[in-house]
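One structure below.
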Amino acid sequence: MKVTIALFGLVALLSVGAFANPRLSNKSKAKAAPARTTSVEQQLSANITYPDALLGAAHNSVVVVQYAVNNNRVSNVQVQTANGDLNKELTRQLTGLKVNIAGAEPNQVYTARLRFQL
């Protein structure tokens, strides 16, 4: 008996819930798509190419980069590797690159890990 009453109550709730959504009128405005947020690492890696200095190295490499952001542009780039050619190439590619960081403070130092894969 308890099972029957519980089952009847569940069916009643589901049938009422099916009609609970109000219809949208033709005058309603469409909602804007939510803004896609991308990490700084994704923004940086999307705009740089695979460094020539890593072509002879392992196929998977991680490089740590420190930089500042002024007027939505990357500046003061410091690449944390022992390879001088790699440092120069990544510094050249990253300096002046436009990035979007919400609430970025001038001259604040940011750190990013860039993963290079062939």
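No value in this document is a laboratory result; all are computed from the given coordinates. The shown structure was predicted, so the numbers you read here are calculated from the model rather than taken from an experiment. Counting neighbours? That spans all protein chains shown, and the Cβs are built from the backbone with ideal geometry, glycine included.
Quick one: compute the contact order of segment 40-117, relative version, from alpha carbon pairs under 8 angstrom and 6+ residues apart, as a percent.
Averaging sequence separation for qualifying contacts and normalising by length gives 43 percent for segment 40-117.
By average Cβ neighbour count within 10 Å, what is the ranking of 99-106, 81-88, 67-74 from highest down?
The peptides rank, most packed first, as 67-74, 81-88, 99-106.
How far is it, in nm, from the label point at Leu55 to the one at Leu7 when both lie 7 Å from their Cα along the line to the Cβ?
7.2
Equivalent ellipsoid semi-axes for segment 40-117, as square roots of 5 times the alpha carbon gyration tensor eigenvalues: give them largest first, rounded to whole Å.
22, 12, 10
Take Arg113 and Glu41, extend 7 Å from each Cα along the Cα→Cβ direction, and tell me the distance between the two endpoints in nm.
0.5
Please list, ordered by chain and number, the residues whose modelled amide H lies under 5 Å from the amide H of Phe116; skip anything fewer than 5 residues away on the same chain.
Ser61, Val62, Val63
Rounded to the nearest 0.05, what FRET efficiency do Val62 and Ile101 give with R0 = 25 Å and r taken as the Cβ-Cβ distance? Could you check?
According to the calculation, E is roughly 0.75.
Tally Lys and Arg at +1 and Asp and Glu at -1 over the other residues with C-beta under 14 Å from the C-beta of Gln66: what net charge comes out?
After counting each charged neighbour, the total is 0.
Among residues other than Ala53 whose Cβ falls under 10 Å from its Cβ, what is the net charge (Lys/Arg +1, Asp/Glu -1)?
Once all neighbours under 10 Å are counted, the net charge is -2.
Between segment 102-117 and segment 46-82, how far is it from one alpha carbon centroid to the other, in angstrom?
11
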